[in-house]
Structures are given as C-alpha cells and as structure tokens.
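What follows is a single structure, written as structure tokens, with notes after it.
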C-alpha cells in the first residue's frame, strides 16, 4: 500500500511541473501559470499545493524548486527542495511515460495516521482519483531510467497507539540524511519494480524524542517487486550496526492478493516468508557468540549482530 501511494504522489510531483512547462517557455509566464495550476490542484485535492519555481531547460528537461503538498491537517505531507526530471517519452497513445535519470536534492515526506485511524497520504490519493472507483486492472505504465536522491527526511507517525518502550518504533519512525539510488523504476499497472543500488539513512530523534540509533549504512537489491499482497527482493545486501548480510532472495506473500493485509504490518499480519541464502543456509544454527554476533557455522559472508536483532526483536 505504501509503495503504491508513494508512487501516486511521485506522479503528481513529476507531471504537475511538466504540464506547466509545456504551456510556456518564458520563466515569468511559467511561474504565473504554475501558481494557477497549483491553485487548481489545491482546490481539487482539498489541501495546499505550492511551487516556488519551475523552469523548462531545452525541450524536455524540467527543474522544480520548492514543491509542497500539505495534508488535511495543514501539515506537510511532501516537500521537495529541487527536482530535475528529463522527459524521454510522453507515452501518448497508450505508450509508456518515460523519464531519464531524475535527480532529487532535499525532500521531506511525512506519513501520519491520526487518532481516528485516518492516514494523510491515503486521503490525498483518494482526492487524486476524484471519487472514481479503484481500477482492479490499471493500464498505466511509467518508466524512470534512474532516481538519485539525497538529503531526504522520511517519517512514519501514528497517533492511534502508544509509543513502544524498546526497539524500533514504526509508529514514530523518522529517517534523516537518507540517500537513495534506484535504477529502472517501473510502474506497470498494479506492479512496481526497481533496482535498489543504494539506500542509506540514520534514524532521527523526532517522534519519541529519543531514537534507537538505527544506522543503515548500505542496502542494495538487484530487484524489488511490489504487487498486490507481494513484496519480493532478489540479490539483497544489508550492512547496518556491525551486521553484514547477503541474501539471494526474500519473499513476503500475503494471505490474499491485496494491500489491506499490510495495514497492520508493524503490529501483526499473516505472511508467508521465504528467505534464501541466509544465516541458516550457511551451515549451522543461528547462535549468539561472545562478541555479540549471531552466526551460522560458516559466517564468512554473513554476520548478524544481536544489537541489530534487538532493535527489531526487543526480547533479545
């Protein structure tokens, strides 16, 4: 659900400036039109949408500064400091809308669930659909050659449950200094797939006021596939908190083919999980060593510290 909703917002960020830039090439005119476009978007979505500046360089390269989408509580849902997006194919006539390598410098996204259970990003996406029923077999296709993003802050905040005393709290989880490098980001109907070349972040102190200190030094995956009720990764490598784990594949399959089962993923949800090439396949049982590391017989390639494991399983 989260990936699908974020993908929908990504479309707004990319397409709104492109629509403005196509109308006029004079910077002053572009800015005037951008104010009209964002005013109409604000009226349509019922939230504040603003854009400081938009420029069209050449024919198909758009540069956006200060793009912001609020939520129904007048808080910030999405803010982008600077975005550069080359358009390679407009996808007219049923083709694939194609962008080159998109560069994103500085952004914030805050996903909030209030005390009544309303999620801000879900309400905005509903407004984007304009009350139309969800298409069970969407035909939309978009391809981005690559995405490089830095200086990103991402927050998951939930007011409908108390904070957790120990471990990572995904109800008050904030990442800072996030860097993301993706290749072949593709939306094909109801499927989203990409290659994760790099994902790194620090857990920020916001939310509870005190973070656990989770330090994701590096995460990569040859492919990430997200479909209805399915999250599948291949060629995974994770380095964090002294751990270094490589897995040929990780597959999470929901009990039914839809996203509703993931709404309580941080609490409890039935999933069929398959992991290949992990610590157990290295030749022995997972155990705690004197140095605070968990290993499986032959741990030359895989190392899992109990400190990292304890962030997600506090009972450890």
**OP:** May I ask you to compute the full-extension gain from residue 31 to residue 166, defined as 0.36 nm times their residue separation minus their alpha-carbon distance, rounded to one decimal in nm?
**Re:** 43.8 nm
**OP:** Please find the FRET efficiency linking residue 48 to residue 253, where r is the Cβ-Cβ separation and R0 is fixed at 41 Å, and quote it to the nearest 0.05.
**Re:** 0.55
Original post:
What FRET efficiency comes out for the pair residue 101/residue 202, r = Cβ-Cβ distance, R0 = 35 Å, nearest 0.05?
Top reply: 0.90
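Hey, can you rank 216-226, 61-71 by average C-beta count inside 10 Å, highest first?
Result, highest mean Cβ count within 10 Å first: 61-71, 216-226.
We did not get these values from a lab; they are worked out from the coordinates using the rules stated. All of these numbers come straight from a predicted model, not from anything done at the bench. Methodologically, a virtual Cβ is constructed for each residue, glycine included, from the backbone with ideal geometry; neighbour enumeration extends over all protein chains shown.
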